[in-house]
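Input: a single structure, listed below in structure tokens.
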Amino acid sequence: MKTVTITLVNPPELYLEGQNITPDNVAGKTAAEIATLDVWEGKQKSPLGKYFTVSGNGGATAADTKIVFRGDCTRVKRIGQQMTAGEIVVEGNADMYIGGWMKGGKIHVKGNVDSFCGIGMEGGELIVDGNAGHHLGSSPRGEWRGMQGGLIRVAGDAGNDTATFINGGTIIIGGNADIHVSTHGEGGTVIIKGNAKGRVGGQMVKGDIYVFGTIENPLPGFQRVGEVEQEVAGEKAHFIHHVGDLGERHPIAKGKAVYANLYTRI
Amino acid sequence: MGELIVKNGFVFDPLQGIKGDRMDVGVRDGKIVETNTLKNPKEIDAAGMTVMAGGVDIHAHVVGPKVNVGRLFRPEDKLFKSPLKRCNRMEMGFSVPSTFKTGYDYARMGYVFVNEAAMPPLHSPHVHEEIRDTPIIDNAAMPVFGNNWFTLDYLKNNEIENNAAYTAWLLRATRGFAIKVVNPGGTEAWGWGLNCENIHDTVPYFDITPAKIITGLIETNEFLGLPHSMHLHTNNLGNPGNYTDTLDSLRLAEGYTAKNNFGRDQVMHVTHVQFCSYGGDSWKNIDSQAKTIMDYVNAHDNITIDMGQVTLDETTTMTADGPFEHHLRGLNNLKWANTDVELETAAGVVPYIYSPNVKVSTIQWAVGLELALYSNDLMRTFITTDHPNAGPFTRYPRVIKWLMSRAARDATMKTFKWLDRTIESTTIDSIDRELTLYEIAQMTRAGPAKALGISNTYGGLAPGMDGDIAVYALNPENMPSDPDRIEEAFSRCAYLVKDGVVTARGGEVVTEPAKRTIWVDVKVPENAQVQRDIYEHFLRHYSVGVKNYQLFDEHLHNPRVIEVDTTQ
């Protein structure tokens, strides 16, 4: 695997739209060619080289390419958007839409990310060592087909509206989650190791949520049906099992109504 | 304005009966003229290409409040689909494109006239403001009458003359073009949580049947002698087994003949018939009854239809048939908007995916094509997708490809998951017919223009008509063996000349000539009773005053008035 190191030396005054910086676009290019990729600061289009220094050439394919971001990328958005393979490492923070609509490969952000990261994700892996903002692994605006697959792992906290319209895949939050988790969910799994604030699983049709801590304001649409012991994200625990959201439609499969499952640790 | 000549093309003009003759077409000052009167024209070389009049779309939802609801509540319809600025204005969206994209895309396909299919009268200012913002294409808009309280009251008491006076007033108040009827009575019944599933279901409170509304509006239309006929979206649309209700509706036109000075022959235009031609009694055993419907239509000259072809895309349904949209959201559980428009109509919007993996979708696809392929008279059968209900208008070229090529139909059918069951439930696989360019010109220009009563201006290339000419890179003497080339040629016309101005070249818009709003101004004798009824209804029931209800002139963009005088 070849490594391209992109170092932010000339930080943008506004925010930088970096959707072109993916292993797919970098593969097969030399460092000089990579420096000519388009990025946008507001509506101004510039070559990437205006803000970054680039060292190392891309691999032959996306899968063969690793991109390492150095410098403070707090103002760089859309890194790895729609990527299909390869690897990205961000040594510090990054802004919004990191790993949005990604289909494959791996992104590792060592700091924090802002909102809309991993939205519309179809596959691959997004690892965040710090906190994530709002709409993590959520669906794009208006879209009823949210996260389809892949894995999002956030070590810290997540903001609100995590996993809206989730359809598949897994989101693991090491810390706490704010309000609205898996709203309208129709599949997939969300695991919250800390506490959740409220409105967990609202209008959920299918899928699973595990909360290891407490839910400050649980929804009345979930009904307790029993207790289970399960191993979740490498941790074995006892959970109370609820089904819901009883206010929502529920499809019948093999003669039985399908519900979403909400597990809270005892 | 200068002179222009389109030279050596193969000209197809069904209004004049020109079937692919190699000839020139001349334009001066925006109008078609005899070529020998031109002095020093600019030349367009159309050698080896097909030349037709600018396209005329008889039924598409392109402007107005429900289209805008579709735009607003489907941001995902724009996502990653409109990144480049190609023209003067930003283009966005696929199934519900922005106004600018609507105009540009029609121009790219060689269309010049689009008839907005349903204008809620109360919201006519919005419709006209969007017409203004839709570049290039000339627009007309049909106000909806089939559930209007005035209309229901007058027709219940057989007061055709009063209804005609009201119709004339409303056409003027909304700067409307024709009488549109959507699920007659049913949309009003929906206000009581009911529907009119066949033409004999009584509308609650008003105590009138859809049959009586339809015949009453035909009579009103012919009493006034409007350019277009009554334009009908039938009852029980979109449900299995509805073809009997459709036949019942069609039979209502029996005995009526067209009375007008606009060259129109039909008294009833039935729109998106694909949605009205289903057999069976459930979604499990739905089948195609297109043949039955077309046998009737072929035998009755006073009816025209358009297809409403399903294009197998993800799209957005929107109709003034409120109960239908409510029903649809129960089927697909997607986001949904519905509204009631005071005394007049209702509307709803629901996204919909016509998938080649879903049996009902592929049967619907076959039904639409069968309608056209069973038609004996393509001057009475028009290409539409009921944009955006069965698919976006940008798929017309694909519909043309399917109609012109059995191989193209076969290639699409190969992608169907339930091919066997689709073939069982339809007759599409037994049809070898391939339409000709002349027939396509009938279905997309000459026919719709004649049915709309505008064939003295649009849809043909006779001297005196508008200088609207579309040139397609297709050689009728050497048609491409790959049907995809047909779709390509019709998607991106080689040239579009509108009002004598080269508007598109090589499939790209190069200039934006002024667009027009076409409306019908009917002069009727003063009618004190109708004046009083209008006054009373606005006083008691409307949320707006009658003065504010009527369109202000500043909303009307570049009008072209068609005058009808019934007082003579």
Checking the conditions here, which among B:Thr257, B:Thr292 is out of contact with any Gly (no Cβ under 9 Å at 6 or more places or on another chain), farther than 18 Å from B:His59 by Cα, among the hydroxyl-bearing types (Ser, Thr, Tyr) and surrounded by fewer than 24 Cβ atoms within 10 Å (Cβ to Cβ)?
B:Thr257
Given (1) part of a helix (DSSP H, G or I); (2) out of contact with any strand residue (DSSP E or B) (no Cβ under 7 Å at 6 or more places or on another chain); (3) closer than 23 Å to B:Thr244 by Cβ, B:Ile218 misses just (2)
Which one of these is away from chain A (no Cβ under 14 Å) and in contact with a Lys or Arg (Cβ under 7 Å, 6 or more places away or on another chain): B:Ser229, B:Ser249?
B:Ser229
Inter-residue pairs, beta-carbon under 7 Å, first more than 26 Å from B:Gly103 (Cβ to Cβ) and in region B:476-495, second surrounded by fewer than 18 Cβ atoms within 10 Å (Cβ to Cβ) and at pLDDT 95 or above, 6+ apart
B:Pro483/B:Ala407
Are there any pairs, at least 6 apart or on different chains, whose C-beta atoms fall under 6 Å, with the first in region B:96-125 and among the small types (Gly, Ala, Ser) and the second in a helix (DSSP H, G or I), and if so, which?
B:Ser124/B:Thr174
Across region A:87-118, what is the number of residues that are more than 14 Å from the chain's Cα centre (by Cα) and acidic (Asp, Glu)?
2
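The rows are residues; the columns are (1) touching a His at 6+ places or on another chain (Cβ under 8 Å); (2) closer than 26 Å to A:Ala60 by Cα; (3) free of Cβ contacts under 8 Å to residues at least 60 places away in the same chain.
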position	(1), (2), (3)
A:Arg75	no, no, no
A:Gly92	no, no, yes
A:Ile98	no, yes, yes
A:Lys103	no, yes, yes
A:Asp114	no, no, yes
A:Met121	no, yes, yes
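Residues checked against (1) more than 15 Å from B:His327 (Cβ to Cβ); (2) of a type in the set (Val, Ile, Thr); (3) under 19 Å from the mean Cα position of the chain (by Cα); (4) not assigned by TED's automatic domain parsing to the domain that holds B:Glu344:
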| site | (1), (2), (3), (4) |
| --- | --- |
| B:Glu188 | yes, no, no, no |
| B:Cys196 | no, no, no, no |
| B:Ala211 | yes, no, no, no |
| B:Thr215 | yes, yes, no, no |
| B:Ile218 | yes, yes, yes, no |
| B:Phe223 | yes, no, no, no |
| B:His233 | no, no, yes, no |
| B:Tyr243 | yes, no, no, no |
| B:Asp248 | yes, no, no, no |
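Which one of these is β-branched (Val, Ile, Thr), farther than 29 Å from B:Asp77 by Cβ, out of contact with any Phe, Trp or Tyr (no Cβ under 7 Å at 6 or more places or on another chain) and surrounded by 18 or more Cβ atoms within 10 Å (Cβ to Cβ): A:Val90, A:Val113, A:Val128?
Numbers: A:Val90 fails: out of contact with any Phe, Trp or Tyr (no Cβ under 7 Å at 6 or more places or on another chain); A:Val113 fails: farther than 29 Å from B:Asp77 by Cβ.
Within the list A:Val90, A:Val113, A:Val128, the selection yields A:Val128.
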Tally up the residues in region A:131-155 that are aliphatic (A, V, I, L, M) and surrounded by fewer than 20 Cβ atoms within 10 Å (Cβ to Cβ), please.
2
Residues that are among the hydrophobic types (A, V, I, L, M, F, W, C): find the strands (runs of 3 or more DSSP E) completely inside region B:492-533 holding 3 or more of those.
B:501-505, B:517-523
Residues that are among the aliphatic types (A, V, I, L, M) and more than 14 Å from chain B (Cβ to nearest Cβ): list the strands (runs of 3 or more DSSP E) wholly contained in region A:104-215 that include at least 2 such residues.
A:106-109, A:125-128, A:151-154, A:170-173, A:186-192, A:206-211
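Check whether at least one residue in region A:57-75 is within 14 Å of chain B (Cβ to nearest Cβ) and under 30 Å from B:Arg74 (Cα atoms), and report yes or no. Steps first, answer last, please.
Taking region A:57-75 and keeping what is within 14 Å of chain B (Cβ to nearest Cβ), we get none.
No.
May I ask you to say which residue of B:Val544, B:Val522 is touching a residue at least 60 places away in the same chain (Cβ under 8 Å) and surrounded by fewer than 16 Cβ atoms within 10 Å (Cβ to Cβ)?
Just a single option satisfies the conditions, and that option is B:Val544.
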Could you tell me how many of the residues in region B:199-241 are buried (at least 24 other Cβ atoms within 10 Å of the Cβ), within 30 Å of B:Ser361 (Cβ to Cβ) and of a type outside the set (A, V, I, L, M)?
6
Based on this model, can you work out whether B:Thr202 counts as within 27 Å of B:Gly280 (Cα to Cα) and part of a helix (DSSP H, G or I)?
no
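Taking the residues in region B:315-342 that are among the charged types (D, E, K, R) and closer than 21 Å to B:Trp283 by Cβ as candidates, determine which candidate is surrounded by the most Cβ atoms within 10 Å (Cβ to Cβ). Spell out how you get there, then give the answer.
The initial filter retains those residues of region B:315-342 that are among the charged types (D, E, K, R), namely B:321, B:325, B:329, B:335, B:340, B:342.
Keeping just the survivors that are closer than 21 Å to B:Trp283 by Cβ gives B:321, B:325, B:329.
Numbers: B:Asp321: 31, B:Glu325: 25, B:Arg329: 20.
In this case the residue turns out to be B:Asp321.
The values are calculated or read from the model by the stated rules, or taken from the named source; none is laboratory data. Since we're looking at a predicted model, the values are computed, not measured. Note: ideal-geometry Cβ built from the backbone for every residue, glycine included; neighbour counts use all protein chains shown.
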